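Everything below concerns the one structure shown next.
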Amino acid sequence: MASKKQNIFLLLASVLLFVCFSCQKEINYNDDQTHALKVTSSTVSGFVTNKNAVPVMGASVSIGSSTTTTDQFGFFEVSDVLLVKNTGVVVVTYSGYFNGIKTFIAEENKEAFFRIRLIAKINSGNIAAASGGSITMNNGMVVSLPGGAVVNASTSV
């Protein structure tokens, strides 16, 4: 009876080892094709506006390694820019506004067009960290902090 249990155990152990080691995929780290980033050339254009749909002139637009600025109509265009295939990013910066960021799938011989709306940075007030205070927002919401509620973790003991 013990030998039958031993045979079943050996059979199950053999099957388990076969399944575990037969599914292992061999990885060749010397294959340059596996780790090389594939790039593609693309033309990217679009319009940059503020929240009221007014064109933003002079905004900086970065696409891949290229940078341009928007014209008086908020228009930008970059031709034949090299991008990592399938991972294009457009970043728009303009003083007083949050950065506008668009991601897209970059494909060979396919143009990309965007309308990017920038959101203004609005300072509704200041609160002194030591004494605290309140700020009333445009929508009536009030933000209140007591004195000492804000601490710089890198300088506090």
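The values are calculated or read from the model by the stated rules, or taken from the named source; none is laboratory data. As the structure is a prediction and not an experimental result, all values here were calculated from the model. Methodologically, a virtual Cβ is constructed for each residue, glycine included, from the backbone with ideal geometry; neighbour enumeration extends over all protein chains shown. Remember, those area values only see protein heavy atoms, side chains included, never the ligands or the DNA or RNA. Shrake-Rupley method; radii C 1.70, N 1.55, O 1.52, S 1.80 Å.
When the chymotrypsin sites (Phe, Trp or Tyr not before Pro) in the range 40-85 are filtered for DSSP coil states and for at most 13 other beta-carbon atoms within 10 Å of their beta-carbon, the remaining sites are Phe73. Positive contributions from Lys and Arg (+1) and negative ones from Asp and Glu (-1), summed over other residues with Cβ under 13 Å from the Cβ of Glu111, come out at -3. As a calculated quantity, the FRET efficiency between Asn138 and Ser95 at R0 = 30 Å, using C-beta atoms, amounts to about 0.90.
Less than 5 angstrom separates the built amide H of Phe75 from those of Val48, all sequence-distant by 5 or more or on a different chain.
Just to be sure I understand the curve: with the Debye formula and one point per C-alpha of the range 51-116, what is log10 I(q)/I(0) at q = 0.29 Å⁻¹? Computed log10 I(q)/I(0) values: -1.46.
The slack between Ala130 and Phe75, meaning 0.36 nm per residue of separation minus the straight C-alpha distance, is 15.2 nm. Ranking Val91, Val44 from most to least accessible surface, computed with a 1.4 Å probe over the protein chains only, gives Val91, Val44.
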